[in-house]
1. For the chain, give me the percentage of DSSP beta bridges that are antiparallel, rounded to the nearest 5 percent.
2. Order 132-143, 183-194 from most to least packed using the mean count of other Cβ atoms within 10 Å.
3. Roughly how far apart, in whole Å, are the Cα centres of segment 129-183 and segment 64-83?
4. Given the peptides 1-14, 152-165, arrange them by the average over their residues of other C-beta atoms within 10 Å, most packed first.
5. Evaluate E = 1/(1 + (r/R0)^6) for Asp328 and Lys34, where r is the Cβ-Cβ distance and R0 equals 56 Å; express this FRET efficiency to the nearest 0.05.
6. Place a point 7 Å from Cα of Asn311 in the direction of its Cβ. Which residues in segment 10-30 have their backbone N less than 19 Å from it?
7. Take the solvent-accessible surface of the protein heavy atoms, probe 1.4 Å, and return the percent of it on segment 254-330 that carbon and sulfur atoms account for.
8. Along each of its three principal axes, how wide is the spread of alpha-carbon positions in segment 281-321, in whole angstrom units, largest first?
Amino acid sequence: FISLKFSDGGTILVDSARLDLITFYASAESEGTKLDSLSKKGAWIRKISSAQAQAEETISSLLNLYVKRNDLKRTPFVKNTKLEEDFILSFPYKDTVDQSSAWKEISKDLSSSQPMDRLLCGDVGFGKTELAIRAAFRVAVSNKRVVVLSPTTILANQLYSSFVNRVENYGLSVDMVSRFRSKKELVQVESSIKGGLNDILIGTHALLNKSIYLKNIGLVVIDEEHRFGVRQKEKIKEFKGGVDVLSMSATPIPRSMNMAISKIYSISTLQTPPRLRLPIKTRVLHYNFELIKEAIFFEINRGGQVYFVHNDVSSIKNMTSMIASCFDKY
């Protein structure tokens, strides 16, 4: 059995065959977490009522937000045909059928007088980022800033590299905000924004903590929206009322899908794999460091890149040292 202990000393034993009845709530270190009491029977009912009231309030505010968005108007982002055609042609790969179709939909949204709110769904490597870059290019050329929100610093770095490689030859400035930037670098970012020298700003939820980052925004790109917490989403709602929003996800959450099906969101899907795209192979095996080394060297020898995910922070340095030692004689 699993023993669940309550604040008044009460205990409930749960059969290990019924672990489906238990759901993780919070770790012991989490602030503001209090144990329930078995003797205060009304406490749980009050919590349920409070949670339901908060959910209804959130739903009401969301619906009001989307109703207001339907009535909002903004100056259309009219494309500079020659410049945009040159930019799209500079993409080193041929668009898939779905990419071409999705770009037409996004382009139509940007050319409209009503703010865009589109969900772009597609598997990893199917071309979502390129479409976001094209949308950002259109908006930035129209003298409005673009903010790209990423759930993690690693993804922010990837997006930063992708955006810089695509737009740097067109006179657009790209910068990044994350916990790895020094105070001096962040001050420079703020100075660039104030001086009108920043076109595209990429970063984690840290972007939501300062109003200066959100100055003169025309487009917000949200990468993997489902990975943002409730507080971050509340902040996003505060400023996205009158700006265009392009949300990207490989695995959209049910709420986003429901809103898309309900026509609150517009939705575009990328289902066509890029040319020569190989399917992902997944193998579940017992821990074997020699196999890990073999996989890493295979990928590096073919000119690829490896992401190693380790599930224990306390031993992550040891794992890093073990992997680094593989390259001592490489």
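The values are calculated or read from the model by the stated rules, or taken from the named source; none is laboratory data. What you are looking at is a predicted structure, and each value in this text was computed from that prediction instead of being measured. Glycine also receives a Cβ, built like all others from the backbone with ideal geometry; neighbour counts cover every protein chain displayed. Just the protein is used for accessible areas: all its heavy atoms, side chains included, with ligands, DNA and RNA removed. Shrake-Rupley method; radii C 1.70, N 1.55, O 1.52, S 1.80 Å.
1. Antiparallel bridges make up about 10 percent of those DSSP assigns within the chain.
2. Ranking the peptides 132-143, 183-194 by packing returns 132-143, 183-194.
3. 21 Å
4. Going by the mean number of other Cβ atoms within 10 Å, highest first, we get 152-165, 1-14.
5. About 0.65, to the nearest 0.05.
6. Answer for segment 10-30: 19-20, 22-28.
7. Looking at segment 254-330 in its full context, I get 58 percent from C and S.
8. 32, 21, 17
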